[in-house]
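None of the figures in this text is laboratory data; all of them are computed from the coordinates on show. Everything numeric here is computed off the predicted structure, so don't read it as measured data. In this analysis, Cβ positions are derived from the backbone assuming ideal geometry, glycine residues included, and neighbour counts consider all displayed protein chains.
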Amino acid sequence: MVNVSDSAAEQIRKSQVVAKCEGLPLRIALVGGGCSGPEYGLGFDEKGNEDTEFSCNGIPVIIDPKTITKIEGLELDYVEDQQGASFVFRMPKGAQGHGHGGCGCGGGGGHC
């Protein structure tokens with residue numbers, strides 16, 4: 001499925017409190033893509049009838065049926081560096097959701 005790092009799980013819990021969304025699962029969705037690879041969206045949402053729900057690192061996660069087949073193996077991390085802090089998405093090389101697109105630039109992963 002999807003792996004949520006310790007640092008991402010900690011930041012997700014903090015975000016739930018700030019957004020007053022405790023108890024709602026984290027929705028991960030594909031929201032576009034291009035030469036730099038797929039773009040992902042995160043948000044707190046209620047589970048829909050067709051969503052898949054699972055827990056990763058103590059975080060309840062929901063994914064819609066169209067997205068789940070495309071993000072198998074996705075790793076969600078939270079990174080702080082000189083440019084700031086952000087969630088980072090990584091797909092293992094060769095994974096189904098790793099987009100290379102038709103432009104040949106071979107990027108993979110994005111920030112939200």
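Using only Cα atoms, what Kirkwood radius does segment 3-90 have, in angstroms?
After inverting the pairwise mean of 1/r, the radius is 13.6 Å.
Taking the Cα-to-Cβ direction at Asp64 and at Asp6 and moving 7 Å from each Cα, how far apart do the two end points lie in nm?
Computed distance between label sites Asp64 and Asp6 equals 3.5 nm.
Out of all DSSP beta bridges in segment 3-90, what portion is antiparallel? Express it as a percent rounded to 5.
85
State to the nearest 20 debye the size of the charge dipole of segment 3-90 about its Cα centre, where the only charges are +1 on K and R beta carbons and -1 on D and E beta carbons.
So the magnitude is around 120 debye.
At a 10 Å Cβ-Cβ cut-off, how would you order Arg90, Arg27, fewest neighbours first?
With the sparsest Cβ surroundings first, the list reads Arg90, Arg27.
Could you calculate the contour length gain from Val18 to Asp81, that is, 0.36 nm times the residue separation minus the distance between their Cα atoms, to one decimal place in nm?
Full extension of this stretch gives 20.5 nm more.
Arrange the following residues from fewest to most other Cβ atoms within 10 Å of their Cβ: Met91, Met1.
Ascending number of Cβ neighbours within 10 Å: Met1, Met91.
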